[in-house]
Amino acid sequence: MPEEKGRLNGSVVVLGLGILLVAIIILSFFWGRYPISPPDLFKITISQISRTIQDLFRNILHIDVVFLNIEKTWSDQMESIVLRVRFPRIMLASLVGCSLSAAGASYQGVFQNPMAAPDILGAAAGAAFGAALAIFTGQSSMTIMLSAFVFGLLTVALVFLISHKTRGKQVIGLILAGIMVGSLFSAGISYIKLIADTSNQLPNITYWLMGSLNGATNNKLLLALIPMSIGLLPLLMLRWRINVLTLGDEEAKTMGINASRFRIIIIVLATLLTAASVAVTGMIGWVGLVVPHLARRLVGNNFKYLMPASMLFGASFLLLVDNISRNLTETEIPIGILTAFIGAPFFVYLITRKEESL
């Protein structure tokens, strides 16, 4: 697909977004109520890498080696904040932003609909219902996350089942089934909130639905990394084929691509990313809808550049918003509120610009 007139060079934009993400990640370690100096951050990081390498040699090769011997000049509290508080939160924010943006870009390409978002097939509503149900029954945080993830996947499986029974185009059937099933699960959430204990369960459910990275841990990061990697890597490798889907099913067939089968694969991968993201952070809206449009303004519609640009832009955007949410006031603002405050007005700006339509 040729470069579009007026667009920046795709490779340069992707490289620039990658550098921007790395810069925001590094700066994020310094933003917080507990000050961390650059030398301390550097030494803590190198020390942790050294310990990890030494543990690998000891456990795998049964050899005791001293990789780097760094004198400890930092406190245990500082090390805990860097490695157990800020590191998992920063990485999780980047992963979730990357996943939601990739899912949004994929849905917009597959459905050829600029309003398509990660919750278009009801995965977000299903995951939210699963989390609300787990909170209502008094489950642990890990069980809540697992319940949200499973219900998110089951929701889209139900949507596929219903869409196969509908008449007409499969894409329209998927969207209509997604709206219907998502509405049912939203009603289920409302009912759980109605019967939940108002002193404990209802506040927890409400806070979870607003979206937050406050409970990020290294274990949660590792659990989220598995499904997100399974979703992100194939989308990145298959991104050029999404360009073919934009040409229509008949054109795709002449190029040797089964459009219906490939569309299902992309939808499944995007759904996996959506369910995993909602499971670990709660409901965070607008990222998957707005960020792909912002990336499209920079690199055009070619998914060769649009997909990685959306991933990197989304990671930087959500990480930046999370830094604001945890530092703006004394009480942390749920990140889902901030993404709505930022995303909704900006999307109005995008759709009202006269120079170019969505």
- Query: So which DSSP H runs in the chain come out at 15 Å plus along the axis (Cα) with average Kyte-Doolittle of at least 0.5?
  - Reply: 10-28, 87-111, 123-136, 141-163, 170-195, 218-237, 259-281, 287-299, 303-327, 335-352
- Query: Among Gly16, Gly288, Gly343, which one moves the most in a GNM of the chain with springs linking Cα atoms closer than 10 Å?
  - Reply: Gly16
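If R₀ is 41 angstrom, what is the calculated FRET efficiency for the pair Ile70 and Asn327, using the beta carbon separation as r and rounding to 0.05? List each step's numbers first, then the result.
Values: r = 29 Å, r/R0 = 0.71.
E(calc), rounded to 0.05, equals 0.90.
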- Just report the Cα centroid separation between segment 33-80 and segment 127-203, whole Å. 43 Å
- Task: Calculate the dipole size of the chain relative to its Cα centre from +1 charges on Lys and Arg beta carbons and -1 charges on Asp and Glu beta carbons; express the result in debye to the nearest 20.
- Result: 640 debye
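Please state the shape class of segment 58-122: rounded when a/c is under 1.5, otherwise prolate if a/b exceeds b/c and oblate if not, all from the C-alpha gyration tensor.
Numbers: a/c = 4.95, a/b = 2.50, b/c = 1.98.
Prolate, because a/c is 1.5 or more and a/b exceeds b/c.
Using the structure shown, list the pairs from Lys169/Lys304; Lys193/Lys304; Lys165/Lys253; Lys72/Lys220; Lys165/Lys304 with a Cα-Cα distance above 32 Å, or answer none. Numbers along the way, then the final one.
On the way: Lys169/Lys304 27 Å; Lys193/Lys304 43 Å; Lys165/Lys253 24 Å; Lys72/Lys220 28 Å; Lys165/Lys304 34 Å.
Exceeds cut-off: Lys193/Lys304; Lys165/Lys304.
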- Query: Rounded to the nearest 500, what is the chain's calculated 222 nm mean residue ellipticity when only DSSP H runs of at least 4 contribute -39500 (n - 2.57) each, over all residues?
  - Reply: -23500 deg cm²/dmol
- Note on the structure: Carbon/sulfur accessible area of segment 23-85, % of total, 1.4 Å probe, equals 64 percent
- Within the set Ala105, Ala270, Ala187, GNM on the chain using Cα springs under 10 Å gives the largest fluctuation to Ala187
- Message: Take the chain, mark every one of the GluC sites (Glu not before Pro) that falls in a DSSP loop and has at most 13 other Cβ within 10 Å, then report the longest stretch left between them, sites excluded.
- Response: 72-329
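Quick one: with all protein chains in place, what share of the accessible area of segment 207-358 is carbon or sulfur, to the nearest percent (1.4 Å probe)? Please list the in-between numbers first.
Working: 4340 of 6620 Å².
Within segment 207-358, the accessible surface is 66 percent carbon and sulfur.
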- In percent, what relative contact order does segment 77-158 have, based on Cα pairs under 8 Å that are 6 or more apart in sequence? 23 percent
- Note on the structure: Computed for segment 155-249: size of charge dipole around the Cα centre, +1 on C-beta of each Lys and Arg, -1 on C-beta of each Asp and Glu, debye to nearest 20, value 280 debye
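Rounded, prolate or oblate for segment 159-289? Axes are the square roots of the Cα gyration tensor eigenvalues, ordered a ≥ b ≥ c, and the cut-off for rounded is a/c under 1.5.
Details: a/c = 3.42, a/b = 1.59, b/c = 2.15.
Oblate.
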- If r is the Cβ-Cβ distance from Glu251 to Val348 and R0 is 41 Å, what FRET efficiency results, to the nearest 0.05? 0.75
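Scan the chain and hand back the longest stretch that contains none of the trypsin sites (Lys or Arg not before Pro) lying in DSSP loops with at most 11 other Cβ atoms within 10 Å.
Details: sites that count: Lys5, Arg33, Lys72, Lys165, Arg167, Lys169, Arg353, Lys354.
Looking at the chain, 170-352 is the longest stretch - no exposed trypsin sites (Lys or Arg not before Pro) with at most 11 other Cβ atoms within 10 Å.
Please find the FRET efficiency linking Lys169 to Asn218, where r is the Cβ-Cβ separation and R0 is fixed at 45 Å, and quote it to the nearest 0.05. Please list the in-between numbers first.
Numbers: r = 45 Å, r/R0 = 1.00.
About 0.50, to the nearest 0.05.
Does segment 15-106 classify as rounded, prolate or oblate by the C-alpha gyration tensor (a ≥ b ≥ c root eigenvalues; a/c under 1.5 gives rounded; else a/b over b/c gives prolate, otherwise oblate)?
Values: a/c = 2.43, a/b = 1.48, b/c = 1.64.
Judged from the Cα gyration tensor, segment 15-106 comes out oblate (a/c at least 1.5, b/c at or above a/b).
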- Query: Can you give the extra length, in nm with one decimal, that the chain gains between Thr143 and Ile226 once fully stretched, where that is 0.36 nm per residue apart less the Cα-Cα distance?
  - Reply: 28.2 nm
- Keeping all protein chains in place, calculate the accessible area per residue for segment 98-224 (probe 1.4 angstrom), answer in Å². 45 Å²
- Message: Around Met307, under 13 Å between beta carbons, what's the net of Lys plus Arg minus Asp minus Glu among the other residues?
- Response: +4
- Item | Local electrostatic count, Ala103, Cβ distance below 14 Å [Lys/Arg +1, Asp/Glu -1] | 0
- Item | Within-13-Å neighbourhood charge of Leu289 [Cβ basis; K, R +1; D, E -1] | 0
- Item | Length-normalised contact order for the chain - Cα pairs under 8 Å, 6+ apart - percent | 28 percent
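The values are calculated or read from the model by the stated rules, or taken from the named source; none is laboratory data. Computed from a prediction, not measured in an experiment: that's the story for all the values here. All Cβ positions, even for glycine, are placed from backbone atoms using ideal geometry, and neighbour counts span all protein chains on display. Heads up: the accessible areas ignore ligands, DNA and RNA and are worked out on the full protein's heavy atoms, side chains in. Shrake-Rupley method; radii C 1.70, N 1.55, O 1.52, S 1.80 Å.
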